[in-house]
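Notes to accompany the following structure.
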Amino acid sequence: MADKNSDLHGFAPDKADGALLLIDVVNGFDFPDADKLLAQALPIAGPLAKLAARARAAGVPVIYVNDNFGRWRSDFSTLVQHCLEPDAPGREFVARLTPEESDYIVIKPKHSGFFSTTLGTLLEYLGTKTLILAGVTTDICVLFTANDAYMRDYGLIIPEDCTAAVEGGDSRNALKLMERVLKADVRPSTEIDLAALARATQDPAPPRRDGNSEPATPPKG
């Protein structure tokens with residue numbers, strides 16, 4: 001039997017314990033209540049951009065997990081350009097969060113980043129144990145992705161200043177739910193130890209508080 005290809009034939013060359021998932025940040029904001037969401041999302045654009053830059057510098061893979069917003073195109077650059085058009089409502093937001101050459105792209109058809117996508121395969125080849133989830137919306141796509149990640153025994157970190165929902169109260173409630181039920185580590189993005197998440201280890205996952213196996217979450221600081 002042939003040995004397993006270690007880097008997905010060159011498409012997943014990185015190895016790290018953690019990965020940053022940017023959920024639906026390439027966004028046209030042209031749907032019902034999009035204006036309300038955009039008002040909540042604009043303040044997180046700066047922290048999101050800084051977190052992504054820190055992750056790249058530390059060697060933590062950055063993965064764009066994005067809807068195709070009804071376009072059903074595999075060419076992600078086309079969607080980016082559509083969202084950067086002069087009359088695009090979310091142009092200011094997306095302009096701060098465009099992907100770089102080293103980033104990974106996963107297109108999702110539904111709310112969760114894992115449903116009918118290649119995300120699970122990519123994370124397996126990256127050796128990822130802990131996921132940082134950021135983007136929009138906290139109470140829908142971030143929450144659904146977090147739930148599926150939890151069921152797959154990934155550790156979860158949610159930077160509270162890097163998620164947004166249509167209503168601020170809904171975002172806060174979703175963060176509390178993920179912290180309580182999914183054992184997510186909710187903290188400011190500036191307190192995430194990206195250096196620890198960049199390491200690629202073979203250590204087994206310690207037991208989770210509910211008795212299941214779960215990857216360790218790095219300490220704050």
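The values are calculated or read from the model by the stated rules, or taken from the named source; none is laboratory data. Here the structure is a predicted model, which is why all the values come from computation and not from measurement. Here Cβ is always computed from backbone atoms with ideal geometry, including for glycine, and neighbour counts include all displayed protein chains.
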Residue pairs within 8 Å by beta carbon, gap of at least six or interchain, first lying in the stretch 186-202 and farther than 14 Å from ALA53 by Cβ, second crowded, with 16+ Cβ neighbours inside 10 Å and of a type in the set (Lys, Arg), listed first then second, are ALA200/LYS15
TYR64 passes all but one of the listed conditions (1) touching a Pro at 6+ places or on another chain (Cβ under 8 Å); (2) at pLDDT 95 or above; (3) part of a helix (DSSP H, G or I); the exception is number (3)
Matching residues in the stretch 129-171 (in a strand (DSSP E or B) and more than 16 Å from ALA41 (Cβ to Cβ)) number 6
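Being over 24 Å from THR201 (Cα atoms) and either among the hydrophobic types (A, V, I, L, M, F, W, C) or outside any loop (DSSP other than H, G, I, E, B) (or both) is true for just one of HIS82, HIS111. Which residue is that?
Working: HIS111 fails: either among the hydrophobic types (A, V, I, L, M, F, W, C) or outside any loop (DSSP other than H, G, I, E, B) (or both).
Testing whether each residue is over 24 Å from THR201 (Cα atoms) and either among the hydrophobic types (A, V, I, L, M, F, W, C) or outside any loop (DSSP other than H, G, I, E, B) (or both) leaves just HIS82.
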The one condition PHE76 fails out of (1) modelled with pLDDT of 95 or more; (2) touching a Pro at 6+ places or on another chain (Cβ under 9 Å) is (1)
Residue set PHE93, PHE114; condition surrounded by 14 or more Cβ atoms within 10 Å (Cβ to Cβ), modelled with pLDDT of 95 or more and in contact with an Asp or Glu (Cβ under 7 Å, 6 or more places away or on another chain); output residue PHE114
Just one listed residue, out of VAL60, VAL136, VAL106, VAL80, is touching a helix residue (DSSP H, G or I) at 6+ places or on another chain (Cβ under 6 Å), among the aliphatic types (A, V, I, L, M) and surrounded by fewer than 22 Cβ atoms within 10 Å (Cβ to Cβ), and it is VAL106
